[in-house]
Amino acid sequence: MSKTETGHSINVANFESLISCVVGYGKTYNPTNEFIKLSTLQSTLAGAKASIKAVNTAQAEFSSAIAAREVAFSPLSKLATRIINALKATSSTQQVDEAAMSLVRKIHGERASQKLTEEEKKALNDSGKEVKEISASQMGYDNRLENFNKLISLLSAIPQYTPNEEDLKVSALTTHYNNLYTLNQNVINSATALSNARIARNNILYIEDSGLLNAAGSVKLYIKSIYGATSPEFKHVSKIAFRGNGVN
């Protein structure tokens, strides 16, 4: 859990400590504001705890989806190399082989040509030629999937590509692609779920006028009004720190 995520949990834990103080005051704590009555504070706490749990669950699912995708994509470069070697071992034309090799390079994340040195760039610029270099890496999962799909489509259109190896056949490659696509989509979906869970948590904790931190600030002010600014009661609750929206 990140430092920022831990901070949200600390705010909720400190809010529970503040409620414990309120309970200890007994009937003395009797605000007219519904927002800071004990029952409302306890309801806010329950919602905040649930939101923290929801984020933790979504984070775990997101991490699991990332790990599963990484494991599945890890052998893809080696598979692409086997595919191109299998193709070259047939009677396919050089043009077809080069088209397939271009896609394999992209799956590998390689440059089609050597990257220019700074001296070479300067020489070209000095001669009046514009230097344009395409980004070397296409190792993003979406890019690798797209290029793998293009490679499969190309192979399916090559009559000579009929390998005996089951995992190199177009049908097997298509199944493999569909599995990778699903795993990649799982990451995308779990990232959305995590984002939504964080938004819901932030609304409960920090939304203006009705969030947990605003409630904490109002509770402290009310305790200050009951016991006074120099009272031990207020000094105690004033030390219960909250971070965010200017509430301390």
- prompt: Which condition number does V12 fail, the rest of (1) among the β-branched types (V, I, T); (2) open to solvent by 60 Å² or more (accessible area, probe 1.4 Å); (3) farther than 22 Å from G228 by Cβ; (4) modelled with pLDDT of 95 or more being met?
  reply: (2)
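Please determine, by comparing only the residues of the range 224-248 that are among the polar types (S, T, N, Q) and in a helix (DSSP H, G or I), which one is least open to solvent (accessible area, probe 1.4 Å).
S238
Please enumerate the residues belonging to the range 211-223 that are open to solvent by less than 80 Å² (accessible area, probe 1.4 Å) and either touching a Phe, Trp or Tyr at 6+ places or on another chain (Cβ under 7 Å) or part of a helix (DSSP H, G or I) (or both).
L212, L213, N214, A215, A216, G217, S218, V219, K220, Y222, I223
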message: Tally up the residues in the range 29-41 that are part of a helix (DSSP H, G or I) and surrounded by 14 or more Cβ atoms within 10 Å (Cβ to Cβ), please.
response: 5
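How many residues are farther than 14 Å from F234 by Cα, in contact (Cβ under 8 Å) with a residue 60 or more places away in the chain and out of contact with any Phe, Trp or Tyr (no Cβ under 9 Å at 6 or more places or on another chain) when one looks only at the range 9-28? Outline the logic, then answer.
The first filter runs over the range 9-28 and keeps only residues farther than 14 Å from F234 by Cα, leaving 9-16, 23, 26-27.
This time we only want the ones that are in contact (Cβ under 8 Å) with a residue 60 or more places away in the chain, so: 10-12, 14-15.
Those still in the list that are out of contact with any Phe, Trp or Tyr (no Cβ under 9 Å at 6 or more places or on another chain) too: 12.
Qualifying residue count for the region: 1.
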Only one of S171, S190, S195 that is of a type outside the set (A, V, I, L, M), open to solvent by less than 20 Å² (accessible area, probe 1.4 Å) and modelled with pLDDT of 95 or more: S190
query: All but one of (1) assigned to a helix (DSSP H, G or I); (2) farther than 30 Å from N202 by Cα; (3) of a type in the set (S, T, Y); (4) touching a residue at least 40 places away in the same chain (Cβ under 8 Å) hold for T81; which doesn't?
result: (4)
message: Cβ-Cβ under 7 Å, sequence separation 6+ or interchain: first residue in the range 211-231 and farther than 11 Å from N33 by Cβ, partner open to solvent by less than 60 Å² (accessible area, probe 1.4 Å) and among the charged types (D, E, K, R). Which pairs?
response: I223/E233; Y227/E233
field: Hits in the range 78-95 - residues which are open to solvent by less than 40 Å² (accessible area, probe 1.4 Å) and either at pLDDT below 95 or within 15 Å of Q160 (Cβ to Cβ) (or both)
entry: I83, I84, A86, L87, S92
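More than 26 Å from the chain's Cα centre (by Cα), of a type in the set (S, T, N, Q) and at pLDDT 95 or above - does that describe any residue in the range 176-184?
Among the residues of the range 176-184, not one is more than 26 Å from the chain's Cα centre (by Cα), of a type in the set (S, T, N, Q) and at pLDDT 95 or above, which makes the answer no.
The values are calculated or read from the model by the stated rules, or taken from the named source; none is laboratory data. Bear in mind that the values here come from a model prediction, so they are computed numbers and not experimental data. Because the Cβ atoms are built from the backbone with ideal geometry, glycine has one as well, and the counts that use them run over all protein chains shown. These accessible areas exclude ligands, DNA and RNA; they are computed on the full protein's heavy atoms, side chains included. Shrake-Rupley method; radii C 1.70, N 1.55, O 1.52, S 1.80 Å.
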